[in-house]
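Notes to accompany the following structure.
The values are calculated or read from the model by the stated rules, or taken from the named source; none is laboratory data. Model, not experiment: these values are computed from the prediction. Heads up, the Cβs are rebuilt from the backbone with ideal geometry, glycines too, and the neighbour counts pull from every protein chain shown.
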Amino acid sequence: MLNAVVAEYIDSAQPVGSGHISGRPGLEVSSATVRSDMAALERDGYLTQPHTSAGRIPTDKGYRFFVDHLGREGVLGPDQRQQVRQFFRRVHGEVDDLLGRTSGLLAELTDYAAVVVGPGHDRSTVRSVQVVELGTRLGLLVVVLSDGSVEKTTLELPEGTDESTLVTVANRLTAGLRDRPLSDAGDLGGETVQGEPAQGELLGRAALTLATMATPDDHEHVFVGGSSRMAAAFDAMDTVRSVLSILEQQLVVVELLEQILDRGLSVAIGTEHGFEPLASCALVVAPVAVEGEPAGTIGVLGPTRMHYPRALAAVQLVGERLSERLGATGSREAAEEGGRRGR
């Protein structure tokens, strides 16, 4: 009966009376029984009555029971599944562009605000490093990371640097850092190359630059899509303004999603997430991983009257496809960089 009330309220956004659910499959009981059981659910804290003459609406406790007893996370419709397949088949470009557009996709699928948090470089490991000459005394340092991202930055080349020096330094950096975090690059900075001062100097400069890349920068790796959908999702404009303000505080959003996952939850309802400004909201989150390594987080934020089966299905499917794409992107970039060095 509680599930029937929650499902009805999610669909209608109106308090649910006994007459709305009497006769539903599995509820072939009298109206008197429905009224009695709904009153009992209210006493137990699963439902509440906003007005004495109105029907009842779920509490956070009622939504939690509903989510915990879904049985399955739900399935997106065939059109939506096709939309996801086509999106990941066609999307190209840098990882940041992929993450930004993925947040838009998730917002379209759910009609809620979507958040995609990219991997911090402090959690990623190195796959390969390349140093390419751009011009006189100027090079390009390229590092492919395990999360599928490719970082590039210019580098001043020591005098006397030739192609052989570039290849040798790139090989040493790759060998020394493969499967290690960027922050370990500093360990290579003090190495010397006997009889090859240009190699030793370039190795030191490149190692220092790589270690600098490991500094977390959350603002560059958080993408929010569908903020404009908040006005339609919430009834009170004060709530909309509060939610939009919080979505602009990217560090707060990142920490909130991470805390939810650290507690072993995929859904946080109302006050469960412990963040008072979002007490009227629910979040559905999922980790993103590449080859078993953390590579970010995705989630949707909406009212507690959220369509949980659809949100759970969308987050799960998009999270899986994003993980696959990030892994494929990293593998392709690594192969391309290796091919260029081989030539």
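Within the range 11-21, the residues that satisfy the criterion of being at pLDDT below 85 and out of contact with any Lys or Arg (no Cβ under 9 Å at 6 or more places or on another chain) are Gly19, His20, Ile21.
Consider the range 1-22 and keep the residues that are part of a loop (DSSP other than H, G, I, E, B) and not small (Gly, Ala, Ser). The one that is nearest to Asp235 (Cα to Cα) is Gln14. Residues that are under 26 Å from Asp97 (Cβ atoms) and buried (at least 16 other Cβ atoms within 10 Å of the Cβ) are absent from the range 263-273.
The set of residues in the range 23-56 being within 24 Å of Thr304 (Cα to Cα), outside any helix (DSSP H, G or I) and not charged (D, E, K, R) consists of Gly45, Tyr46, Leu47, Thr48, Gln49, Pro50, His51, Thr52, Ser53, Ala54, Gly55. Among the residues making up the range 11-67, those that are closer than 26 Å to Ser280 by Cβ, among the hydrophobic types (A, V, I, L, M, F, W, C) and in contact with a helix residue (DSSP H, G or I) (Cβ under 8 Å, 6 or more places away or on another chain) are Val16, Ile21, Met38, Leu41, Leu47, Ile57, Phe65, Phe66, Val67.
Please verify whether Ala268 is without any contact (Cβ under 8 Å) to a residue 24 or more places away in the chain and in a strand (DSSP E or B), treating the condition exactly as stated. Spelling it out, Ala268 is indeed without any contact (Cβ under 8 Å) to a residue 24 or more places away in the chain and in a strand (DSSP E or B).
Residues checked against (1) of a type in the set (Val, Ile, Thr); (2) buried (at least 22 other Cβ atoms within 10 Å of the Cβ):
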| site | (1), (2) |
| --- | --- |
| Arg127 | no, yes |
| Gly135 | no, no |
| Leu140 | no, no |
| Ser146 | no, yes |
| Glu151 | no, no |
| Thr154 | yes, no |
| Asp162 | no, no |
| Arg172 | no, no |
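Scanning the range 86-113 for residues that are within 27 Å of Ile10 (Cβ to Cβ) and either in a helix (DSSP H, G or I) or among the aromatic types (Phe, Trp, Tyr) (or both) returns Phe87, Thr102, Ser103, Gly104, Leu105, Leu106, Ala107, Glu108, Leu109, Thr110, Tyr112. Out of all the residues in the range 64-82, is one or more surrounded by 13 or more Cβ atoms within 10 Å (Cβ to Cβ), without any contact (Cβ under 8 Å) to a residue 24 or more places away in the chain and not β-branched (Val, Ile, Thr)? No, because not a single residue in the range 64-82 is surrounded by 13 or more Cβ atoms within 10 Å (Cβ to Cβ), without any contact (Cβ under 8 Å) to a residue 24 or more places away in the chain and not β-branched (Val, Ile, Thr).
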